[in-house]
1. Whole-Hz ³J(HN,Hα) for each residue in the range 122-132, computed from phi via Karplus 6.51 cos²θ - 1.76 cosθ + 1.60 with θ = phi - 60°, x for glycine and proline: what do you get?
2. Ranking GLU141, GLU108, GLU69 by Cβ neighbours within 10 Å, fewest first, what do you get?
3. Return the sequence-ordered ³J(HN,Hα) values of the range 48-54 in whole Hz as given by the Karplus equation 6.51 cos²θ - 1.76 cosθ + 1.60 applied to θ = phi - 60°, using x for Gly and Pro.
4. For TYR127, which sequence-distant residues (separation of 5 or more, or a different chain) have an amide H within less than 5 Å of its own amide H, given hydrogens modelled in the peptide plane?
5. What does the charge add up to near ASN123, with Lys and Arg as +1, Asp and Glu as -1, over the other residues with Cβ less than 14 Å from its Cβ?
6. If you take the beta carbon distance between LEU85 and TYR127 as r and set R0 to 41 Å, what does 1/(1 + (r/R0)^6) give as a FRET efficiency, to the nearest 0.05?
7. Tally Lys and Arg at +1 and Asp and Glu at -1 over the other residues with C-beta under 15 Å from the C-beta of HIS102: what net charge comes out?
Amino acid sequence: MTLFIGAQGRQADCHQTSQLSQPQTIKRHVRHWLHDPFFGSYIGQTLSIQQDFSPDGVSIGQTTWLGYEAAGGNSALPNLIAKVLPDGQTSYQWLRRDEWGHPTNVVETYSTTYGQAPLTRTNVYIYNGPNLIQQIGPRGETLAGYFYDSTNQLLRATNHERRGRRSVLCL
């Protein structure tokens, strides 16, 4: 497997992973791209795994895995993003997209306290063509609404906050 690995702030180099030891890889930003399904060994432009450099030179940096709807990574937009958090918990975000690539359903985990077992929430996004018009929260409540003119320019955004408060931004 070939990875493109670059030290902090420097241009990336191409290495065979067999040539690198663990201390070398944890000190660098590592990315792995899926191979192009039509050209076999050609490295595609679809990111599969990303690992940040170690914050202290000893522990492994933040690692992110990306999954795609289309087999072989034909879609440039991930539908699954997973991470291991600093406290060892796993976090993920799953997305369903419409024909324009807009996220319509987002299921994700989150923690409110360090070390707490993650909770799950789902948000729904409703579009009218290219325009986001409503965001619905995990309890079925409207979190935000958006209003556009006939040329798709945003006219007004309404944020529905807790406790019945609402803020409106008019452009």
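1. With the stated coefficients, the range 122-132 comes to 10, 10, 10, 10, 10, 10, 10, x, x, 9, 6 Hz.
2. In order of increasing Cβ crowding within 10 Å: GLU141, GLU69, GLU108.
3. 10, 9, 9, 10, 6, 5, 5
4. Here the answer is ILE133, since their amide H atoms fall under 5 Å of that of TYR127.
5. +2
6. 0.85
7. Residues close to HIS102 contribute a combined charge of -1.
We did not get these values from a lab; they are worked out from the coordinates using the rules stated. Just so it is clear, the structure is predicted and the values come from calculations on it, not from any experiment. Every residue, glycine as well, gets a Cβ built from its backbone with ideal geometry; the counts of neighbours run over all protein chains shown.
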